[in-house]
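For reference, the structure is listed below as structure tokens.
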Amino acid sequence: MPDKTINCEQNSAISWYQLDEAAVLEALGTSRAGLAPEIARERQQHCGVNELQFKKTPAWVRFLRQFHDPMIIILLITATITAGLTAAGQHMLPDTLVIAGVVVFNAILGFIQEGKAEGALDALRNMMVQECLVVRAGDQQQIAARDLVPGDIVVLEGGNKIPADVRFIETNNAHIDESSLTGESVPVQKSTEALQGGADLVPGDQRNMGFSGTYLTQGSALTVVVAIGAQTVFGKIADLVKAADSGTTPLQKKMQEFVRAIIIAILIIGGLNFLLGVYLGYAVSYSFLGAVSLIVAAIPEMLPALVTSILALSCTVMARRKALVRKLPAAETLGATSVICSDKTGTLTENRMTVTRIFAGGQVYTVTGSGEDLEGEFLQENVAQDIHAHPALLKTLYTGFYCNNASLTVKGPATGDPTEIALRVSGAKAELMVEAVHRCMEIPFDSSTKYMAVLVKEGEQPYILVKGAPEVVVAMCATQLNRNGEQELIDQEGALAAAKAFAGDALRTLAFALLPVSSNCKDLTHDQLRGLCLAGLQGMIDPPKQSAIEAVGQCRQAGIRTVMITGDHPATAQAVARQLGIAADRAMTGRQLASLSDEELFQAVKEISVFARVAPEHKKRIAESLRSHDLVVAMTGDGVNDAPALKAADIGIAMGISGTEVAKEASDMVLADDNFATIIAAVEEGRHAWNNLRKAILYTLPTNAAQALLIIGAILMASFIPLFSIRFVLEPVQILWINLLDSVLLTMPLMMEAKEKGLLASPPRSSRARIIDALFLRRVVLVGLAIAVPGALIYHHFGAAAVVDGQLVAPLLLTQAQTAAFWAILLAHFGYVLSARSVDASVFTLNPLGNRWLLAGIVISILIRLIPTAIPAAASLFKTAPFPADWWPLILACFFPSLLMIELDKLLARMGIFQSAHETREPSPVADA
């Protein structure tokens, strides 16, 4: 055939499944003899190679990108200033080193995380086939799959991975496993006939097409390549993965807002403090040092490390509960989740076809047990039946068990077609054994005949056993079995009505018939399949997991809406959704969704919780539409087709067992057990992480504010109390010491607090909730005053005599007063941290020994604080000095104001006078749909 110039990009827009073989070959300028080698080379120059190509972000760019954060920038500026002051003679080197260390630590952590995230595109590339068998110029030859071009003829055998998007032109019982692409758990039999139905059929409905990366499970086929590389369905998914942007997580958004507000406030206060000092007549150097000291005191330089530590601990706990978090912010995002979009197969269901209902002898039986569990009973009206008292039931199971090519093993998983495995399992529940019957001949299942038949021999008696589509098998029958044995099949409609009822409940239904034949029968032909005896029907489905049913109920209680998104058929999806407790009155297909505008879909997702026969771009649109309602969306998935949606959601959750590497790499979290219930456990841990994070912030910022108030107060009082013009209440190195001790020994133990009860009994927090709310501002003011005022009073009470007429006359006494204030502030922190164990509950209702990490932190803080007393060099470094023992009663009394002040605030909040922490939780009307 002469060459025909083709446009590779336009080719990908053609609905190849609508064209017959002749039209396909003509459009591609090829024939069954394949392309000439020189034409293939010319097309490769024009169309490129058959592989996915991605531009990776250089490592140095990813590292520098970690510094593009307001908190990091202000920390770098602060470190530069303190370094400059150190060079000018001020003792601020420890401040500089600590701040620089925090910045580098967070940059390295972010760099490592981003490197992991880029693996999704690498995993997609790795799914491409290495070699394939093609026909070129009439000869079969093995070539590298990257050298395929549109128009190449590819030969496929059972077990081959399809190397490009192809159109089938010849098939021999070809079945394709498309689960990684469509989510459909059963291999799809392919045909060559042109399909009707418009230009928007999803891949799962294109029965004459094969897609790159899927597998031929059985049979053989001759195909023609219609798309390669980026033009394949896989390539388009890769583009969606690149384009998908989950943006910042809810925690990241809130922390950015929080940090921005805190930085602006600190800089404004620091600037005003400097101007105030100059206005009051202090030297510019003194005023500038005061401003820098205030900024260093107020900036929560350890906050990034605290957030990282809390999230890392949460990830560790989640891992014990089978939820493996790949990106730290996801640990908290789960706690804010308001909608979980879940795949059906394997996540909500067993991922094992299971016979659940049988029609035999005019009776309907329910079958217990699921998956490959060989234990089960046959029930009528919830009463177990003796299988041998129901001959029609026994023969139905017998026919399904022996007209079968699946294999059950005592050890390891069953092998074979999922439908046949289900039939083997149902027969095994009736204690049927493979060895009891000898297989003689077989007519394989074929899509044109819609049945399978075998000739078997039990003892000396041969039987023909047939299974297939109910309308086909029933038409072959002349008799049927009932309680009294075999009788004439007068009413075919009864069996067909039962089949229709099964199908109405989304059961995949097969009919079973048998025929005893003479002992000299040694052959089996289609013509012999007449006058059969109908045994019955078996209906099967991939049933929901019991744990998933319970988990969906827990979601409802926790104010989380569950949405099912599947590649399966609408009727099946709705049937399973009803069993799970998901609203299933309406279901939307991918074709219906594709016809909606963004505004129409925005409205539709409010009401519809079941989406079926969806394509990858549909799942991505659903996630984006739900997020546009200000909902926090979690998306589960296991196939290649799920990768774009996993990236587009607030949190992508991949399956660890059944999931492809593509899905895992695109996800934020991986379920090690593929269990939906694990998500709910992770949600609980996520809410606990948020509570701990909130405790840490509500402890850290108010205590920092107290130190800032000390500096501001010193400048304000310096004009009429000379003591404060000589030295601040605390030296900068002492402020840094308190900050470090607090962060490591007091704040971090707060994250070890036991989970509060009822975390899943309330709705997720409102998307409008902010870290800086009325409660936060109230705590900053109350704690700031409760710590700063006693500290300043202790400093003044014991140090006033050190200054006479504005002159320092007793330097040691002033140092002792500073040391006493240092201890007073430390004790005030102890009082507050005990109350900070719960945002709402009174400390007096908590177990005093419930957080031994915190008690240990307090003890260690005291021991470390005693080091300067024992080591003179340390005393000089930290500018402390021993003071008289009779000062201790007043110092110890500073423990109580911060404790009692916050306990009073909690009491008033519980009485409804102030806002409580739980008022930030608001159920969303969309989330409750």
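A compact table of results
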quantity: Rounded FRET efficiency, nearest 0.05, which uses the C-beta distance separating GLN461 from THR366 and R0 of 22 Å; calculated: 0.10
quantity: Among ALA672, LEU52, ILE99 the positive-end extreme of the charge dipole of the chain (Cβ point charges); calculated: ILE99
quantity: Dipole moment magnitude, nearest 20 debye, region 395-436 about Cα centre, only Lys, Arg, Asp, Glu C-beta charged; calculated: 100 debye
quantity: Cα pair distances of region 256-326 binned at 5 Å [whole percent]; calculated: 3, 16, 16, 13, 11, 10, 8, 7, 5, 4, 3, 2, 0
quantity: Length-normalised contact order for the chain - Cα pairs under 8 Å, 6+ apart - percent; calculated: 12 percent
quantity: Euclidean distance between Cα centres, region 481-521 to region 131-183, Å; calculated: 40 Å
quantity: With every protein chain in place, region 775-900: carbon and sulfur % of accessible area (1.4 Å); calculated: 76 percent
quantity: Selection from LEU846, SER658, ALA558 lying farthest towards where the dipole of the chain points positive, charges on Cβ; calculated: LEU846
quantity: For region 741-781 versus region 603-676, the gap between their alpha-carbon centres in whole angstrom; calculated: 29 Å
quantity: Using alpha-carbon coordinates, inclination of helix 492-504 to the longest axis of the chain, degrees; calculated: 20 degrees
quantity: Ordering of 260-268, 275-283 by burial proxy (mean other Cβ atoms within 10 Å per residue, highest first); calculated: 260-268, 275-283
quantity: Solvent exposure of the chain as accessible area per residue, Å², 1.4 Å probe; calculated: 40 Å²
quantity: Calculated on alpha-carbon atoms, Rg and Dmax of region 248-406 in Å; calculated: 33.7, 107
quantity: Inter-probe distance in nm under a simple model that places probes 7 Å from Cα toward Cβ, at LEU877 and ILE143; calculated: 7.2 nm
quantity: Length added when fully stretched, ALA13-ALA59, from 0.36 nm per residue minus Cα-Cα; calculated: 12.9 nm
quantity: Alpha carbon convex hull of region 433-523, projected area averaged over orientations, nm²; calculated: 7.3 nm²
quantity: Accessible-area composition of region 545-602, carbon plus sulfur, in percent [1.4 Å probe]; calculated: 46 percent
quantity: Helix 616-627 axis, angle to the chain major axis (alpha carbon atoms, nearest 10°); calculated: 40 degrees
quantity: Which of ALA800, VAL383, THR525, positive extreme of dipole for the chain (C-beta unit charges); calculated: ALA800
quantity: No Cys partner within the rule (Cβ under 4.7 Å), the chain; calculated: CYS132, CYS315, CYS341, CYS403, CYS440, CYS477, CYS521, CYS533, CYS555, CYS894
quantity: Considering only the chain, percent of DSSP beta bridges that pair antiparallel, nearest 5; calculated: 80 percent
quantity: Cβ-defined net charge surrounding ASN851, 10 Å radius [Lys, Arg +1; Asp, Glu -1]; calculated: +1
quantity: Protection proxy ranking, peptides 307-316, 662-671, 837-846, 216-225, average beta carbon neighbours within 10 Å, highest first; calculated: 662-671, 216-225, 307-316, 837-846
quantity: Whole-Hz couplings from phi, Karplus 6.51/-1.76/1.60, listed for region 865-881; x for Gly and Pro; calculated: 5, 7, 4, x, 5, 8, 10, x, 4, 5, 4, 5, 5, 9, 6, 10, 8
quantity: Under 5 Å, built H, 5+ apart or other chain: amide partners of ASP505; calculated: none
quantity: Long-range amide H partners of LYS755 with built H, under 5 Å; calculated: none
quantity: Net dipole in debye of region 694-820 [+1 Lys, Arg Cβ; -1 Asp, Glu Cβ; about Cα centre; nearest 20]; calculated: 720 debye
quantity: Per-residue HN-Hα couplings for region 819-829 [Karplus 6.51, -1.76, 1.60; θ = phi - 60°; Hz; x = Gly/Pro]; calculated: 5, 4, 5, 4, 5, 4, 5, 4, 5, 4, 5
quantity: Under-5 Å amide H pairs with GLU170, H placed in peptide plane, nonlocal only; calculated: LEU222
quantity: Relative contact order for region 705-797, counting Cα pairs under 8 Å that sit 6 or more residues apart, in percent; calculated: 53 percent
quantity: In order through region 783-789: 3J(HN,Hα) via Karplus (6.51 cos²θ - 1.76 cosθ + 1.60), integer Hz, x for Gly, Pro; calculated: 5, x, 6, 5, 9, 5, 5
quantity: Debye, to nearest 20: dipole size of the chain, +1 on Lys, Arg Cβ, -1 on Asp, Glu Cβ; calculated: 2900 debye
quantity: Burial order of peptide ranges 530-539, 415-424 (average beta-carbon count within 10 Å, highest first); calculated: 530-539, 415-424
quantity: Spin-label zone in region 498-515 - amide nitrogen under 20 Å from a point set 7 Å from the Cα of MET441 along the C-beta vector; calculated: 513-515
quantity: Nitroxide proxy distance, nm - points 7 Å out along Cα→Cβ at GLU486 and GLN380; calculated: 2.2 nm
quantity: Spacing of the two label points (7 Å from each Cα toward its C-beta) at GLN528 and GLN45, in nm; calculated: 6.1 nm
quantity: Rel. contact order, % - alpha carbon contacts under 8 angstrom, at least six apart, region 577-726; calculated: 12 percent
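The values are calculated or read from the model by the stated rules, or taken from the named source; none is laboratory data. These numbers come from a predicted model, not from an experiment. Counting neighbours? That spans all protein chains shown, and the Cβs are built from the backbone with ideal geometry, glycine included. For accessibility, only protein heavy atoms count, side chains too; no ligands or nucleic acids. Shrake-Rupley method; radii C 1.70, N 1.55, O 1.52, S 1.80 Å.
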